[in-house]
1. Looking only at residues that are more than 9 Å from the ligand (Cβ to nearest atom) and at pLDDT 95 or above in the stretch 105-122, which one is farthest from GLU72 (Cα to Cα)?
2. Read through the list (1) under 28 Å from PRO60 (Cα atoms); (2) touching a Ser or Thr at 6+ places or on another chain (Cβ under 8 Å); (3) without any contact (Cβ under 8 Å) to a residue 40 or more places away in the chain, then give the number of the only condition that HIS129 fails.
3. For the stretch 123-168, give me each residue that is touching a Lys or Arg at 6+ places or on another chain (Cβ under 7 Å) and either over 21 Å from GLN87 (Cα atoms) or within 16 Å of the ligand (Cβ to nearest atom) (or both).
4. Looking only at the stretch 73-83, decide whether some residue is away from the ligand (no atom under 16 Å from the Cβ), over 20 Å from the mean Cα position of the chain (by Cα) and among the aliphatic types (A, V, I, L, M).
5. In the stretch 84-104, which residue that is within 16 Å of the ligand (Cβ to nearest atom) and over 27 Å from ASN165 (Cα atoms) is surrounded by the fewest Cβ atoms within 10 Å (Cβ to Cβ)?
6. Across the stretch 138-156, which residue is nearest to the chain's Cα centre (by Cα) among those that are surrounded by fewer than 14 Cβ atoms within 10 Å (Cβ to Cβ) and assigned to a helix (DSSP H, G or I)?
Amino acid sequence: MTAKMKLRSQLHLLTGFMAGFVLAFVLLLYVYDVSRVTPCWSSTSTMTTATTARIEDGPPPRILCMVLTCPENVQSLARSVYETWGQRCSRLIFASSEDYEPLGVVGVVEPTGGGYEDLWNKTREGFRHVWEHYAGDYDWFLKADDDTYVVMENLQHLLRGFDPNTPVFFGYKMSRYNVLLHFE
Ligand SMILES: *[C@@H]1O[C@H](CO)[C@@H](O)[C@H](O)[C@H]1NC(C)=O
């Protein structure tokens with residue numbers, strides 16, 4: 001075999017490998033993500049698709065942002081939210097396990113109830129607080145974490161014209177990792 005022929009067969013082998021990888025990748029994407037564009041509720045569902053409910057030129061939506069935080073993060077993460085995107089919420093509430101009034105942090109759970117395993121309870125108690133104090137004053141209630149960044153202008157734009165009293169589902173059904181959502 002000449003050196004040239006050897007090089008050529010090596011090149012063929014390499015090309016074959018690369019083509020194989022690309023094909024396998026595309027196939028995997030297809031298998032795991034095939035339902036990306038199909039709606040995840042049946043036509044009998046009360047959920048409304050984002051394309052049908054929209055009324056253009058509605059009033060700007062009033063959005064209350066509830067951001068979960070904890071005492072250790074108040075001066076760092078929570079303060080960053082407070083000084084940036086939080087300013088563009090109609091109202092910003094931090095749900096924590098300890099009050100800190102300068103930033104609007106409310107202790108919604110006991111100081112001992114702020115651990116990771118109590119996250120759900122903190123979320124629920126946060127929503128309870130928001131519901132009891134602000135239920136009628138805002139159109140939408142956003143739950144976020146203190147390491148979240150939300151472009152509020154885009155969210156405002158997205159929600160504008162949607163009736164907050166009509167359930168609506170944005171996004172897509174996550175079908176990877178065997179996670180399937182069902183709406184009944
Ligand atoms: C959730 O938090 C509230 C308020 O601190 C507390 O009264 C309640 O016992 C907690 N529930 C659980 C299951 O931890």
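1. Ranking the candidates gives VAL106 first.
2. Of everything listed in (1) under 28 Å from PRO60 (Cα atoms); (2) touching a Ser or Thr at 6+ places or on another chain (Cβ under 8 Å); (3) without any contact (Cβ under 8 Å) to a residue 40 or more places away in the chain, HIS129 misses just condition (2).
3. If the condition is that a residue be touching a Lys or Arg at 6+ places or on another chain (Cβ under 7 Å) and either over 21 Å from GLN87 (Cα atoms) or within 16 Å of the ligand (Cβ to nearest atom) (or both), then THR123, GLY161, PHE162 are the ones that fit.
4. First, the residues of the stretch 73-83 that are away from the ligand (no atom under 16 Å from the Cβ): 73-83.
Add one more test, that the residue is over 20 Å from the mean Cα position of the chain (by Cα), and what stays is 73-76, 79, 83.
Narrowing further to those that are among the aliphatic types (A, V, I, L, M): 74.
Yes, some residue in the stretch 73-83 is away from the ligand (no atom under 16 Å from the Cβ), over 20 Å from the mean Cα position of the chain (by Cα) and among the aliphatic types (A, V, I, L, M).
5. Once the filter is applied, the top-ranked residue is ASP99.
6. Result: ASN154.
The values are calculated or read from the model by the stated rules, or taken from the named source; none is laboratory data. Treat the numbers as computed from the prediction; the structure is a model and nothing was measured. All Cβ positions, even for glycine, are placed from backbone atoms using ideal geometry, and neighbour counts span all protein chains on display.
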